[in-house]
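The values are calculated or read from the model by the stated rules, or taken from the named source; none is laboratory data. Being a predicted model, the structure only gives us computed values, none of them experimental. We place every Cβ from the backbone using ideal geometry, glycine too, and count neighbours over all the protein chains shown. Accessible surface is based on the protein model in full, side chains and every heavy atom, while ligands, DNA and RNA are left aside. Shrake-Rupley method; radii C 1.70, N 1.55, O 1.52, S 1.80 Å.
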Amino acid sequence: MISEPEMVDEFGAVGAGEVAGDFDRRPTEGPRQRRPWLWALGGAVLASAGWAGVLYLHPVGDPAPDLHGYRLAGDPCPTVRLKAIGAAIAPKDGTPRLEPELLNDPALDRAECFISLRPPAAKKSVTSGWYTDYSVGVTVALHKKSDPAAEFEAMRGVTDPGIDADVKVEKVPNLGDSAYLLTRDDGHAELRVREGGAVLSLSLTSYAQFNSEDGEVPSDDGPDTSDLSPYQSAMISDMRDLMKSLKH
């Protein structure tokens, strides 16, 4: 379902225009010969009139991007069900990991929040032992003035730590106008989707936690939490659900 993106760059040949004219030819002598500057003035007036018509028909500036009905009234996390991820890992915890960040501006509406997934081992009274904890991050950005398409494609391989040559980028078909799944080997995966002026992100991060009541120090490095590939389909399913919930 997920395949490596194919980068195909097609550069059309730009033909050079041919300019023909006898610039060195002198005007023909005669009583009806008009002065060259009158012709030049008339051409300039016609050119200005034509350019004004172009400006009138095609106003300067790009049109506002289509938001496809997306609305962002507040924190989206309370309404995010995470039905698929919750079934695959653990139901979401009601306590947010961090306070949500909200921005409402004439040019951009943006919200970012994080949801904790509490696995059964974390809820039990474990005297001592390892368990894996998970966090889901949701980011929604609605670009109301400028089209984010070019920037979205340019940033498809850039993660929070920066430009990482080792990050795996996979194109996800049939999801918005463009979608990519980014995975790192440190237990982090992120699904990014653009649909018109709306850019959405759903990330999944795993943590190895050690629970001890008597101050015991773990003797090993804990479980390997780097592989999140079993949850890719669940991330895509919950992203579709998120996209649907934000459309009005």
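Quick notes
- Exceeding the 23 Å Cα-Cα cut-off - candidates LYS92/LYS244; LYS144/LYS247; LYS171/LYS244; LYS92/LYS145; LYS168/LYS244: LYS92/LYS145; LYS168/LYS244
- Distant-in-sequence amide contacts of ASP177, defined by a placed amide H-H separation under 5 Å and a gap of 5 or more residues or a different chain, comprise ARG194, GLU195, GLY196.
- A DSSP coil position with no more than 10 other Cβ atoms inside 10 Å describes the following GluC sites (Glu not before Pro) in the stretch 143-248: GLU213.
- Surface accessible to a 1.4 Å probe, per residue, for the residues of the stretch 152-238, Å²: 49
- Net charge of neighbours whose Cβ lies under 13 Å from the Cβ of LYS144, counting Lys and Arg as +1 and Asp and Glu as -1: -2
- Surface composition of the stretch 151-197: carbon plus sulfur atoms contribute 46% of the solvent-accessible area (1.4 Å probe, protein chains only, all chains present).
- Karplus-based coupling profile of the stretch 168-181, in residue order and whole Hz: 8, 10, 10, 7, 9, x, 6, 9, x, 7, 7, 8, 9, 10, with θ = phi - 60° in 6.51 cos²θ - 1.76 cosθ + 1.60 and x standing for Gly or Pro.
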